[in-house]
Amino acid sequence: MIKNFGFLLFALSLSFIVLIGCSSEKTQQEELVDEPEDSMEEATPEEDGLTITTSFSILGDIIGEIVGTRGTIDYIVPIGEEPHEYEPVPSDFRKVSDSDVFYVNGLGLEEWLEKLVDSAGDVAIVPVSEGVTPIMLEGGEEEDPHAWMNVGNVKLYVENVVADLIERDPEGESVYRENADAYLAELEELDSFIKTEVESLSEENRVIVVSEDAFKYFGEAYGFQTEGVWEINSHEEGTPGQIARVIDVVNDQAIPAIFVETTVDRRYMESVSNDTGVEIAGEVYTDAVGQDGSGAETYILMMKHNVDTFINGLK
Ligand SMILES: [Zn+2]
């Protein structure tokens, strides 16, 4: 009873937050937001499997590869929205409290986490990024959460999730291990694909310019300089000074192409493009997989799409 009453209060306070939030939210992605969760729920789960929730679509895909039909998996932040400053809605609370486990990225990505889990009962919250060597944000105090942009880190994510799943559901061990091994082989292939593709770019053209500097782990792993108008979406400002700085970088280095993310308002990069005359050479995926039909519906596909887009734009 107490738990339910807590939920009611929580739901009421959330509706209030949501009402306030709507008026100031970015307009561009709104049409994408009410898209239902994609095909992850369609598979028929085994009856004794786990009910799993994760924070955002990229983890939903990665963990779904390991779980297969052994359990059900759902995620909180809808495709098209960025996961840093998300406002949870009452149905998110239910998803989490009805789950056996809630997998999060960690490294400070889910800034809304406390809001959600304070009232979500005693669900286990497991960060999947354990063991990742973090890249620090400017100032050196906070960690950059975008560790999944380095395929090597996602292999660690997979190892962490498998170990945790087996602990919770020992009978599923062979399924989890088999699925994980197959997926790790695909990740290995992806990693080689990226390294081979990057070799076709001259070194001075290995520069990624986007709105949010979310490619630092990618840049470190695959040899790119990375620049953003701002460092991380939760510090998003897009001030004239920040835009001017990026314009200078693009001009000074004669950077041949810039890019825009699917989860960020494109007007900032349009402004950089207008001022420099350098074309926006395509959309890239950082904080969410692509919508159905985008060709970037999974982590592996989104990474391949990004690499193709960079190579085509920068060579
Ligand atoms: Zn981000």
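Normalising by residue count, the stretch 42-116 has a Cα convex hull of 92 Å³ per residue. Between residue 202 and residue 173, the contour length at 0.36 nm per residue exceeds the Cα-Cα span by 5.9 nm. When the GluC sites (Glu not before Pro) in the stretch 237-277 are filtered for DSSP coil states and for at most 15 other beta-carbon atoms within 10 Å of their beta-carbon, the remaining sites are 237. Pairs with C-alpha atoms separated by more than 19 Å, drawn from the list 115/216; 95/155; 195/315; 155/304; 216/304, are 115/216; 95/155.
Projecting label points 7 angstrom from Cα along Cα→Cβ for residue 252 and residue 133 puts them 2.8 nm apart. A cut-off of 5 Å between modelled amide H atoms, ignoring neighbours fewer than 5 places along the same chain, links residue 232 with 213. Estimated at 0.36 nm per residue, the fully extended path between residue 237 and residue 185 surpasses their Cα-Cα distance by 14.7 nm. Scanning residues 5 or more positions from residue 54 or on other chains, those with amide H under 5 Å from its amide H are 74, 75, 76, 103, with H placed 1.01 Å from N in the peptide plane.
Restricted to Cα atoms, the stretch 218-274 shows a radius of gyration and a Dmax of 11.5, 31 angstrom.
In this Cβ point-charge picture (+1 for Lys and Arg, -1 for Asp and Glu), the stretch 103-152 has a dipole of about 220 debye about its Cα centre.
Take the Cα of residue 142, go 7 Å toward its beta carbon, and the backbone nitrogen atoms of the stretch 193-234 under 19 Å from that spot belong to 210-218, 227-234.
Amide H to amide H distances under 5 Å link residue 289 with 57, 58, where only residues 5 or more positions off or on other chains count and H is placed in the peptide plane.
Any read-out appearing in this document is the output of simple, stated calculations on the displayed coordinates, not a laboratory observation. On a predicted model such as this, the values are computed, not experimentally measured, just so you know. Quick reminder, even Gly has a Cβ in these numbers, built from the backbone with ideal geometry, and neighbours come from all protein chains shown.
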